[in-house]
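Written below as structure tokens is the structure these notes are about.
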Amino acid sequence: MADVAVKHDFHLVKPSPWPLVGSIAAVVLAMGLVIYMKGLFGLPKHTWWVGALGMAGVLYTMVGWWTDVVKEANEGDHTPVVSIGLRYGMILFIASEVMFFVAWFWIFFEMALFHHHRTLSSIDEVRAAWAIWPPMGVEVLSPFHLPLVNTLTLLLSGTTVTWAHHALQVGDRKAAKWGLLLTVLLGLLFTSIQAYEYGEIFRDHMFFSADAANSGLYGSSFIMATGFHGFHVIIGTLFLIVCLLRLMGGGFTPQKHFGFEAAAWYWHFVDVVWLFLFAFLYVILPTIK
């Protein structure tokens, strides 16, 4: 028996259905989005149930797969070597998310500079392009009302999640629970404020003017950048809620709590992205006349 015992620190994953199930669900979700926006396979535009089916499959995969990962951690399969691999994986995931948001910033800046579809050959032309972005007639949001409140909300949530992390590291589970609960509540507050802000935008038609083409570019790039960030805040909040439930159920120790650590990394990433969005989309570009 000693000759066949495992002699390495790596965890060999048991056969799992989740890669296949997740891939099928992702394809169904993508097809559902196409069907909803354009129509496909004889299904008319705005048919929603295919996309809903794909989303349900993706959520089912996430719950099932991550439940298995938690079980592996509780069974001691996450050795120091495996934990390093998990950390590298989370770092690469966040790096891919950084590039995702770089694309949205790129779109916004490119629309600001080249909304007249011509090459800018001098610094004066660049300044002139900035001077008419946002397009004339577009009413922009005041950065020092709701956007500033949301900025302070996220910055505060960054301190509470750090408090919770440090408390868990020293074995103070009560403080960790309070810090994590406050972070979740602040995340929900951010989402609520942004939803109210979007209601103002769409109700008052703030991003539309006589220059319909360019105002549409501004509104689309603004909503896509801030909207996808809001989507990431929702994901991060769910991530933290799961960590809070695990913590309340007796999970995590000062030595082993990578799930919580990964959630904290992701939340700090969301914080930093919002600071750039607030600085450029709300403050600098709308006022650089």
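A compact table of results
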{"quantity": "Peptides 188-196, 158-166, 90-98 ordered by average Cβ neighbours within 10 Å, highest first", "calculated": "158-166, 188-196, 90-98"}
{"quantity": "Under 20 Å from the residue 82 label point (7 Å along Cα→beta-carbon), backbone N, the range 239-268", "calculated": "243, 246-247, 250-263"}
{"quantity": "Long-range amide H partners of residue 40 with built H, under 5 Å", "calculated": "none"}
{"quantity": "Surface accessible to a 1.4 Å probe, residue 68 within the full protein complex, Å²", "calculated": "50"}
{"quantity": "Sequence-separation-based contact order of the range 26-114, relative, with Cα cut under 8 Å and 6+ spacing, percent", "calculated": "19"}
{"quantity": "Nitroxide proxy distance, nm - points 7 Å out along Cα→Cβ at residue 245 and residue 60", "calculated": "1.8"}
{"quantity": "Extended-chain gain in nm, criterion 0.36 nm per residue less alpha-carbon gap, residue 155 and residue 34", "calculated": "39.9 nm"}
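The values are calculated or read from the model by the stated rules, or taken from the named source; none is laboratory data. Model, not experiment: these values are computed from the prediction. So basically every Cβ, Gly included, is an ideal-geometry build from the backbone, and we count neighbours across all protein chains shown. In case anyone asks, the SASA skips ligands and DNA or RNA and just uses the protein heavy atoms, side chains included. Shrake-Rupley method; radii C 1.70, N 1.55, O 1.52, S 1.80 Å.
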